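Undergrad: Got a structure for you, questions after.
The values are calculated or read from the model by the stated rules, or taken from the named source; none is laboratory data. What you see is a predicted model; the values in this text were computed from it and never measured. Cβ: placed from backbone, ideal geometry, glycine included. Neighbour counts: every protein chain shown. Accessible surface areas use protein heavy atoms only, side chains included; no ligands, DNA or RNA. Shrake-Rupley method; radii C 1.70, N 1.55, O 1.52, S 1.80 Å.
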Amino acid sequence: MIDLGPLKGCLPVFAPGSVWLVGAGPGDPGLLTVAALSALQTAEIVIYDALITDEILSLVPDRTALEFAGKRGGKPSACQPDITKRLIELARAGRRVLRLKGGDPFVFGRGGEEALALAAAHVPYRVVPGITAGIGGLAAAHIPLTTRATNHAVVLMTGHLASGCMDEIDWRPWAATGAPIVLYMAIANLHSIVGGLVAAGMAEETPAAVIANASRADQRVLVTALGRLECDARQSGFSAPAIVVIGSIVEIRGALLRHGLPAAEIV
Ligand SMILES: C[S@@+](CC[C@H](N)C(=O)[O-])C[C@H]1O[C@@H](n2cnc3c(N)ncnc32)[C@H](O)[C@@H]1O
């Protein structure tokens with residue numbers, strides 16, 4: 001147990017019969033919030049997703065029950081209605097239930113859907129925000145999300161639709177903003193994403209990067225250009241979890257790396 005000392009008095013009480021949707025950040029336990037750490041030490045049961053690292057799970061006390069509810073290696077995974085049903089059941093049984101999600105629960109993490117289901121079932125819940133991979137992952141890779149010289153906005157997008165068909169997306173409005181595009185869950189759909197953006201008028205020379213396992217010991221960063229993104233990511237063996245960044249902010253990394261402390265492995 002990590003002693004949170006005087007901070008304890010500033011933190012909300014984890015009441016029995018409630019569910020906390022907690023963001024674990026991109027994986028480095030140092031990026032957990034104090035509220036998340038306190039909740040991990042107080043919960044009676046932790047229901048966690050596939051992106052939660054062993055380092056973070058090791059912070060859960062031995063007395064606390066751990067249940068896996070994520071997708072792993074093509075094996076059958078718990079479906080969303082079963083997960084929300086379980087959260088509701090456990091809360092109604094009077095337990096302190098912690099639903100632990102990678103990054104921020106409300107960013108491409110179905111935390112919104114789970115909160116809606118809890119609210120509909122009249123189950124008291126709280127959301128503990130986490131550092132989302134599309135923000136913290138860029139910082140970990142020495143890519144600033146904004147600078148005054150490059151961009152006044154950022155587009156955070158999913159690279160995977162529930163329908164499975166990225167060709168449904170009209171890329172023109174997104175390409176037209178000129179803002180950097182930060183894509184989650186995009187690795188399997190790079191062909192369609194790159195094709196769509198180039199067809200929408202984005203130059204093939206636009207700087208691009210892939211950040212895999214951001215903030216973790218096995219973080220890898222690939223810097224390339226939009227036109228070579230798919231080929232370079234495949235040849236370098238990049239796989240999920242990874243964030244894809246497209247835009248001129250990627251170029252700033254070169255200057256920052258000179259004195260920035262290095263990530264574990266840089267391609
Ligand atoms: C289902 S989404 C969940 C996003 C999460 N709620 C968040 O806010 O970061 C999963 C995707 O998040 C991204 N992701 C999460 N953790 C990551 C990490 N440590 N490094 C790179 N990408 C990550 C990847 O694109 C991954 O496929």
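Undergrad: Output the antiparallel fraction of DSSP beta bridges having both residues in the chain, as a percent to the nearest 5.
TA: The antiparallel fraction comes to roughly 40 percent.
Undergrad: Let me ask something else. Among 39, 24, 13, flag the residue with its Cα farthest along the positive direction of the charge dipole of the stretch 5-131, charges on Cβ as +1 for Lys/Arg and -1 for Asp/Glu.
TA: 13
Undergrad: Protein chains only, probe 1.4 Å: how do 138, 66 rank by accessible area, largest first?
TA: Values: 138 0, 66 85 Å².
In descending accessible area the options line up as 66, 138.
Undergrad: From the residues 191, 145, 169, which one has its Cα farthest along the dipole of the stretch 134-257 in the positive direction, the dipole being from +1 and -1 charges on Cβ of Lys/Arg and Asp/Glu about the Cα centre?
TA: 145
Undergrad: Based on alpha-carbon atoms only, what is the radius of gyration of the stretch 134-257 relative to the globular estimate 2.2 N^0.38 Å?
TA: Rounded to two decimals, the normalised Rg is 0.97.
Undergrad: Before rounding to the nearest 500, sum -39500 (n - 2.57) across all DSSP H runs of length at least 4 in the chain and divide by the residue total; then give [θ] at 222 nm in deg cm²/dmol.
TA: Calculated mean residue ellipticity at 222 nm is -8000 deg cm²/dmol.
Undergrad: Over the chain, calculate the relative contact order: mean separation of alpha carbon pairs under 8 Å at least 6 apart, over the residue count, as a percent.
TA: Relative contact order of the chain: 19 percent.
Undergrad: Report the accessible area of residue 243, computed with a 1.4 Å probe over the heavy atoms of all protein chains in place, in Å² rounded to the nearest 10.
TA: Solvent-accessible area, nearest 10 Å²: 10 Å².
Undergrad: What list of ³J(HN,Hα) values in whole Hz, one per residue of the stretch 234-240 in order, does the Karplus curve 6.51 cos²θ - 1.76 cosθ + 1.60 (θ = phi - 60°) give from phi, with Gly and Pro shown as x?
TA: Per-residue couplings from phi come out as 5, 5, 8, x, 6, 9, 5 Hz.
Undergrad: Cβ under 12 Å from residue 53's Cβ, residue 53 left aside: what net charge do those residues give with Lys, Arg +1 and Asp, Glu -1?
TA: On the way: positive: 216; negative: 28, 49, 54, 55, 218.
Local charge sum for residue 53: -4.
Undergrad: Cross-link candidates for residue 71: which lysines have Cα within less than 24 Å, leaving aside residues fewer than 8 places away along the same chain?
TA: By straight Cα distance, residue 71 reaches 85, 101.
Undergrad: When the distances between all Cα atoms of the chain are binned every 10 Å from zero, what whole-number percent does each bin get?
TA: Bins of 10 Å from zero give 7, 28, 31, 22, 11, 1 percent of pairs.
Undergrad: Here's another thing I want to ask about it. Give me the distance in nm between label points sitting 7 Å out from Cα along the Cα-to-Cβ direction at residue 121 and residue 198, one decimal.
TA: According to this spin-label approximation, the distance is 4.7 nm.
Undergrad: Keeping all protein chains in the complex and leaving out DNA, RNA and ligands, what accessible area do you get for residue 236 with a 1.4 Å probe, in Å² to the nearest 10?
TA: 30 Å²
Undergrad: Which percent of the accessible area of the chain is formed by carbon and sulfur heavy atoms (probe 1.4 angstrom)?
TA: Looking at the chain in its full context, I get 57 percent from C and S.
Undergrad: Another question, then. Can you tell which of 13, 250, 210 shows the greatest fluctuation in a Gaussian network model of the chain with Cα springs below 10 Å?
TA: Comparing 13, 250, 210 in the GNM, the peak value goes to 13.
Undergrad: Still on this structure: Under a point-charge model restricted to the Cβ atoms of Lys and Arg (+1) and Asp and Glu (-1), what is the dipole moment magnitude of the stretch 5-131 relative to its Cα centre, in debye to the nearest 20?
TA: I would put it at about 280 debye.
Undergrad: How far apart, in nm, are the 7 Å Cα→Cβ label points at residue 188 and residue 113?
TA: About 1.4 nm separates the two model spin labels.
Undergrad: Name the trypsin sites (Lys or Arg not before Pro) in the stretch 98-158 that are in a loop by DSSP and that have at most 14 other C-beta atoms within 10 Å, would you?
TA: Sparse-neighbourhood loop trypsin sites (Lys or Arg not before Pro): 148.
Undergrad: Pulled fully out, how much extra length does the chain show between residue 92 and residue 58, if you take 0.36 nm times their separation in residues and subtract their Cα-Cα distance? Walk me through the numbers on the way to the answer.
TA: On the way: separation 34, 0.36 × 34 = 12.24 nm, distance 2.70 nm.
Roughly 9.5 nm would be gained on extension.
Undergrad: What figure in square angstrom, to the nearest 10, would you give for the accessible area of residue 48 with a 1.4 Å probe?
TA: The value for residue 48 is about 30 Å².
Undergrad: While we're looking at this one, here's another question. Which value, in debye to the nearest 20, describes the size of the charge dipole of the stretch 111-189 about its Cα centre when Lys and Arg Cβ atoms bear +1, Asp and Glu Cβ atoms bear -1, and nothing else is charged?
TA: So the magnitude is around 360 debye.
Undergrad: Per residue, how large is the accessible surface of the stretch 153-267? Use a 1.4 angstrom probe and give square angstrom. Walk me through the numbers before you get to the answer.
TA: Numbers: 5560 Å² over 115 residues.
Here the residues of the stretch 153-267 average 48 Å² of exposed surface.
Undergrad: Okay, moving on. Whole-Hz Karplus ³J(HN,Hα) for the stretch 141-154, in order, using 6.51 cos²θ - 1.76 cosθ + 1.60 and θ = phi - 60°, x for Gly and Pro?
TA: Result, ordered by residue: 9, 6, 10, x, 5, 9, 9, 5, 7, 10, 7, 10, 7, 9 Hz.
Undergrad: If you don't mind, there's one more thing I want to ask. Taking a spot 7 Å from the Cα of residue 65 along the direction of its beta carbon, which residues of the stretch 21-56 have an amide N less than 15 Å from it?
TA: Residues passing the 15 Å test: 43-48.
Undergrad: Compare the Cα positions of 203, 247, 133 along the charge dipole of the chain (+1 at Cβ of Lys, Arg; -1 at Cβ of Asp, Glu; about the Cα centre) and return the one farthest towards the positive end.
TA: 133
Undergrad: Additional query: How many Å³ per residue does the convex hull of the Cα positions in the stretch 5-131 occupy?
TA: Details: hull volume 13.2 nm³, N = 127.
Each residue corresponds to 104 Å³ of Cα convex hull volume.
Undergrad: Net charge near residue 129: determine it from the other residues with C-beta under 13 Å of the C-beta of residue 129, scoring Lys and Arg +1 and Asp and Glu -1.
TA: +1
Undergrad: While we're looking at this one, here's another question. For residue 34 and residue 2, compute 0.36 nm times the residue count separating them, minus their Cα-Cα distance, and round to one decimal in nm.
TA: Numbers: separation 32, 0.36 × 32 = 11.52 nm, distance 1.04 nm.
Gain on extension, residue 34 to residue 2, equals 10.5 nm.
Undergrad: Okay, moving on. If I build a Gaussian network model for the chain, linking alpha-carbon pairs within less than 10 angstrom, which residue out of 112, 254, 17 has the largest mean-square fluctuation?
TA: Largest GNM mean-square fluctuation: 254.
Undergrad: Under 13 Å from the Cβ of residue 42, count the other residues' Cβ atoms, weight Lys and Arg +1, Asp and Glu -1, and hand me the total.
TA: Summing Lys/Arg as +1 and Asp/Glu as -1 gives +4.
Undergrad: A further question follows. So, R0 is 45 Å and r is the distance between the beta-carbons of residue 167 and residue 217; what FRET efficiency does that work out to, to 0.05?
TA: Computed FRET efficiency for residue 167 and residue 217 comes out at 0.80.
Undergrad: Could you compute the FRET efficiency for residue 236 and residue 80, with r as their C-beta to C-beta distance and R0 at 41 Å, rounded to 0.05?
TA: 0.80
Undergrad: Run the dipole for the chain about the Cα centre, Lys and Arg Cβ at +1, Asp and Glu Cβ at -1, nothing else charged, and hand back the magnitude in debye, nearest 20.
TA: I would put it at about 500 debye.
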